[in-house]
Structure formats: structure tokens, C-alpha cells
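This report concerns only the one structure given below.
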Amino acid sequence: MNCAIVGCGAIAYMHAKVLQSIHDCNLVAVADIKLEKAIELAKEFGSSDCKTYSSLEEMLQKDQIDVLHICTPHYLHVPMAIYGMERGIRVFMEKPPAISREQFKLLEETENNKLLGICFQNRYNESVKAVKEMLADPSTGKIKGARAFVTWTRSKEYYDESGWRGSFITEGGGALINQSIHTLDLLVQFVGKPIWTESTMMNHHLKNTIQVEDTVEAYMEFEKGPVLFYATTAYSSNSPVFIEIECENITIRMEDSFVTRIYPDGHRENLEFYKGFTIGKDYWGTGHTACITDYYECLKTNGIFSIGLEQVKDTFTLMMDIYESAKEKRLIQFDKSEKLSGFADEIDADFDKQIEVLHECNISYMELRSAYGKNISEYTLEEAKELKAKLDREKIKVSSIGSPIGKVNILDDFEEHFKLFRHVVDLAKLFDTELIRIFSFYIPKGNIAENYKMLVIERLSRMIYYAKDHGITLLHENEKGIYGDTFTRCKEIMDALYCENFKAIFDFANFVQCNQNTLEAFKILRPFIAYIHIKDAKKDSHLVVPAGLGDGHIADIVRILNNEQYDGFYSIEPHLMEFVGLKALEKEDEKSNISGEISDGRSAFITAYRAFVELLPKR
């Protein structure tokens, strides 16, 4: 197999040394813009007729290459990988896979990107494999949290001698993208899918030398638990990387090839794993040999190499999120797509059919209002556990409990209603959601709503205090007939009560049906909005119609939200046909304005879903 290396710096010697040990691999060509460096590498590791070049283009034009190793400065990784793959050449690339989201997208769009292998060699360390096995062992218990520390040193000379390090344009960053990307990758391997990150970065010790960070810290929420991450190149030496994962029954601590298991009683079990022979700098680790050898073994056997573009995407995305969070000083959600949910009970009373259509629409959340024709608030906790188990099996999460709380007359017995509210809070915790949709009470017909303002505030306040004690956020929905039906009264409520545990839902159709201008309502209520109901309506008839066909200005408002990087839920509430449970949601003397042109729930939901998706601007 004819191999070539482009970029003949220090890391290229690691690749060349490993290639020497692989049977039937011949290093037949090397290239570097400094030709003398290519000549030096070829002399030490190349085949007897190894050719040297000062450019990649010339090398690939003149030599027949099977595998290209990219060991160049970071900013050249992607263009050189694409250049090789477009010519049908297999590519093995050093980290990072890219220095920007745009570069990574170019790799994804390259037709032959299955030819790409990426060097995340620490995944092959014996200590790392051992930790993964421990985490997979049921006796370890669930992960509670993790922390990682990288404290290394990089001097002024390190940056001065390179000509490309220390600049965001050519290196892409500093301590994170160059020195601690492998540690971040291991956290993803150990703890799973990230959810969001909040981070800071600084340049403490090389302010007049580099533009990039020498220190970065991040708090990250993963699906399996919170993670603390700290990396710096401002330390006095390159100390071993420290990773600790706290689980229910054991704490696992890894430093280099050493793993310590710490038990609840304080007993420690120290394990040392085979480290292998180090080629090059000690902090590079010993995984390059195993990683590169595995790559070539996959080529020879037509196997699938385990570290391709898809397998590093989560690590790369999280890394870019950390940079974005630090630069913009805000929390960054890992999932950049709009978070879609929906009132699946409008599909069918049958819970299984609800889930089936959610899957069909590729929606992984449900705003849970009713199942099998029974409102969720009427379920006992034991009955609800069966629904939760079904959702877990189907990988559907609950975005919010679509409760009927507050959808009663303001003069009704509140103690009985508050008892129901406490039960709904218990249900929310069971379904692993912190959000509950509520209302601000029906006002007696013919009465002045403002006469009941203080009673509304008093009752909502009591629920908010209870919600706060239980880690729940209540979402007030504007709704015709209740106190908060107009945006003026919604703002009164928010001015009085808005907090982390009480925020607003914005429902387009409900405002239209109350003769409110939704653009004006949105402008007034925007600071309080944390959740959006997708439902449109006609101003003249008040009929509910698919998103974009009514007078709710949904497209305009969603465009604004998109520009603001809104990361809350869009919950689809079709109301395009009558469904089981609708009458129970209506006040006795009122009726929902539904056109009735669609006769089945699946069609109604999919129609509503497609109409909204068509309005979504591209991010």
C-alpha cells in the first residue's frame, strides 16, 4: 500500500514511525512547503525511492498514492483532506477535524468522506477501554457527574517557532482545540450526549505572544449528568490529564495509565494498565500505534474504521460550542435544530398511535395532555409510570405537561384545585420535565376582569412558590376567557410574577381569537416568553388554520426568534379537527373555532407539522 505524508513537523515522525511497523505499507512520498523538512523525514523513514515535494498538489499529480496522512497546520486539514478524497485517495487526518463549523460542513458535503479516518488515538488507550467497561457494568450504577483537568505548559518559544500557532485563523484556538481536544473527546465517550455548555476563556500568560486562549473552563450538561472541564497551558509542566466520573456506587478516577476505583466506604483500588511504547513526546500518549494500525487493518479487510467523521461530530460540535459560549458570553445548546414538540393527543386517543405519528414526523418530544382519552391530570402516579415506560422505550421525552391547571372559574374552590396542582407537579417530576402549562382562571361572564386581578395574582403566587420548592417552572398560556386573554393583562401578570419558575407561553391563535395583534403582543411579551404554541387563526372568522395561513404572523415572529437564537420549544397544537378530549378543554358556553375540513387526527397533525416546518428559516 503506497502511503504519503503531507506536513513534516514533529507529529509526522509519529505517523512515519508507525507506518514502518505495518506490513505492506510503504512511505513513497512526503511533502512540506519547506522542502528540507520533507527530505529529512523521507531520509529517516521513507522507502528507498521515497520522493519529496514542496506541495501536496504536485505530490498527488506525480505519485500513485493509496493513503494520504495529513499532519499539517490545523487550517489546512480540511482543504487538503477534500483535495485527496476528491481524487479517490483514502485520508488519515490528525486532529482537529476542522477549525470552524463551516469547514466541518464542507467535509460532510464531500461525496467521498467515507474515505476519511481521524486520529483520536486516546480512545485506544488501555486505561480508557477499562473505564468504558467499568461504566458499562450495571454494578457501577448511573453516572452522577464528571470532571476533567488538563494542566500543561506551552511557552512563548513554542508559538514563535511554528509560524501558525497562536492565531484563531490558522490554529482555530489554543488550549482547547490543540492541547485538550482529546480530553474533551474522552468525556463524550464516557458521559454521552451533551445538552448545553456555558464557558469562559482567557489568555493569562502570553498576552503579547498569542491571540488564542491559554485557559478555558466550561460547565456542561450531558444527558447522563453535569461535567466540569478545565484546561490550561499556563502551568509549569505537562502533568497527567485527570478525569473523574462519579457514579451511584463507585467513583472512577483516571490519570494517564492509572485508574483508581473509589468505593463509598473510602476504600481505593489502584489499577495500572499497559501503556505501551511512547513514540515522540510523552504527553502525546501511546495510542497512535494502535489507532493507525487499526485504520490500516480496516482498509485491508474492507472493515469500517471506528473513527470517521460521524464518530467525531459530537466532540467537534461541543468544542465549537465552548468557543461560541466563551466569545458570546451565553449558554449554547448542543442541538441547534428547532426543538419541536406537540399535542399528540390530537392525533388519536390511542397513545401508541400518538407515538407512531411523532416518529413519522421525526419529533422526539410530546406536550403531554391526555392519553387513551383521559386527561393526564386524572392519571394516578402508578398509571402514569406505565405511560413513562412506554415513552422511554420509544425514546420520546415530555417537553411539558399540558395541564388544565388554572382553567377553572376564579370563584371555584381553590383548595381542591390546588390539590390537583400538587398532583400535576408530581406527574411532571415522574415524566422528567420541569415545565407545566397553566392558565390564569376563567373570569365570570359579563364581569370586569380587573376586579379579579389581585385574586388571580394571589392564586398564581401560591402555585409559583410550590413550584419553586419542587424545581418546576410554570408556563402561563394566553387563552380566551381567562384573565390573561389579552396581551395587556398577560403583561400585568408577568410584571407581577415573572421569575425562573414562572414564564410565558405565546399562543398565536388564542391572541387572534381575542382580536389581539400578535406582532404587538410579541413585542410586549418577548422578555417573558419561554415556550411557543404553534396554532394559527383567521382574524375575521377566528377559525384555526395551519401555520402561515392565518393572521398570527407566525413566519415573521419565528424569524425574529431565530435571529435571537431562541432555544425553547415550538409545540404544535393543530386544532384542525375535533378530537377526543376537546370538549373537556372548552368552557361550557364556548366552542373552539375549528374548520373541520380534515377528518382524521394523523392528517391534521402532519398538516400542521408540515405547514410550520415550511415557515422555519434556515439557521
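The values are calculated or read from the model by the stated rules, or taken from the named source; none is laboratory data. Just so you know, these numbers come straight off a predicted model, no measurement behind them. All Cβ positions, even for glycine, are placed from backbone atoms using ideal geometry, and neighbour counts span all protein chains on display. SASA here: full protein model, heavy atoms, side chains in, ligands and nucleic acids out. Shrake-Rupley method; radii C 1.70, N 1.55, O 1.52, S 1.80 Å.
Packing, as the average of other Cβ atoms within 10 Å across residues, places the peptides 298-307, 145-154 in the order 145-154, 298-307, highest first.
Note on R422 and K114: with the Förster distance fixed at 51 Å, the Cβ-Cβ geometry gives a FRET efficiency of about 0.40. Would you mind checking the pairs K207/K327; K51/K105; K390/K480; K51/K275 and listing those with alpha carbons more than 28 angstrom apart? As for pairs spanning more than 28 Å Cα to Cα, those are K51/K105; K390/K480; K51/K275. For the chain, what class follows from the C-alpha gyration tensor (a ≥ b ≥ c being the square roots of its eigenvalues): rounded when a/c is under 1.5, otherwise prolate if a/b is larger than b/c, else oblate? Prolate, because a/c is 1.5 or more and a/b exceeds b/c. Model label sites at K34 and E272, defined 7 Å from Cα along the beta-carbon direction, differ in position by 3.8 nm. Angle between the Cα long axis of helix 487-497 and the longest principal axis of the chain, 0 to 90 degrees, nearest 10? So the helix axis and the longest Cα principal axis differ by about 70 degrees.
Per residue, the chain exposes an accessible area of 45 Å² to a 1.4 Å probe, with every protein chain left in place. Ignoring aspartates and glutamates fewer than eight residues from K539 along the same chain, the ones with Cα atoms less than 13 angstrom from its Cα are D551.
Please tell me which of these pairs span more than 32 angstrom C-alpha to C-alpha: K34/K193; K445/K535; K395/K445; K313/K538; K17/K224? Result: K34/K193; K395/K445; K313/K538; K17/K224 exceed 32 Å. If only the Cβ of Lys and Arg carry +1 and only the Cβ of Asp and Glu carry -1, the dipole of region 1-144 around its Cα centre is close to 560 debye.
With both labels modelled 7 Å from their Cα along Cα-to-Cβ, the T200 to E360 distance reads 5.1 nm.
Whole-Hz Karplus values for region 165-180 come out as 6, x, 10, 5, 5, 9, 9, x, x, x, 4, 7, 6, 9, 8, 10 Hz, taken residue by residue from phi with 6.51 cos²θ - 1.76 cosθ + 1.60 and θ = phi - 60°; glycine and proline positions read x.
Remark: region 224-230, residue by residue, has Karplus-estimated 3J(HN,Hα) of 9, x, x, 9, 9, 9, 9 Hz, where x stands for each Gly or Pro and the curve is 6.51 cos²θ - 1.76 cosθ + 1.60 at θ = phi - 60°.
Amide H to amide H, with H built 1.01 Å from N, A371 comes under 5 Å of I376, counting only residues 5 or more places away or on other chains. Extension gain for I560-I448 works out to 36.9 nm (0.36 nm per residue, less the C-alpha to C-alpha distance). Overall form of region 323-364: prolate. Here a/c, set by the Cα gyration tensor axes a ≥ b ≥ c, is 1.5 or more, and a/b is the larger of a/b and b/c. For the peptides 527-538, 39-50, 102-113, residues were scored by their other Cβ atoms within 10 Å and the scores averaged per peptide; the highest-first order is 527-538, 39-50, 102-113.
Protein heavy-atom surface of the chain, 1.4 angstrom probe: 49% of the accessible area is carbon and sulfur, with nucleic acids and ligands not counted. The alpha-carbon of K419 sits under 18 angstrom from the alpha-carbons of these lysines, leaving out residues fewer than 8 places away in its chain: K407, K429, K468. Net length available on complete extension from S100 to K374 is 93.7 nm, with 0.36 nm assigned per residue and the Cα-Cα distance removed. Here the extension length gained between S239 and S599 equals 122.9 nm, from 0.36 nm per residue of separation less the Cα-Cα distance. Amide H contacts under 5 Å for G117: V91, F92, M93, restricted to partners 5 or more places along the chain or on a different chain, H placed in the peptide plane at 1.01 Å from N. Would you mind classifying region 90-188 by shape? Square roots of the alpha carbon gyration tensor eigenvalues, ordered a ≥ b ≥ c; an a/c under 1.5 is rounded, otherwise it is prolate if a/b is larger than b/c and oblate if not. In terms of gyration-tensor shape, oblate. A cut-off of 5 Å between modelled amide H atoms, ignoring neighbours fewer than 5 places along the same chain, links D551 with A537, K538, K539. Placing a label point 7 Å from the Cα of D350 along the Cα-to-Cβ line, the residues of region 366-410 whose backbone N sits under 14 Å from it are 372-373.
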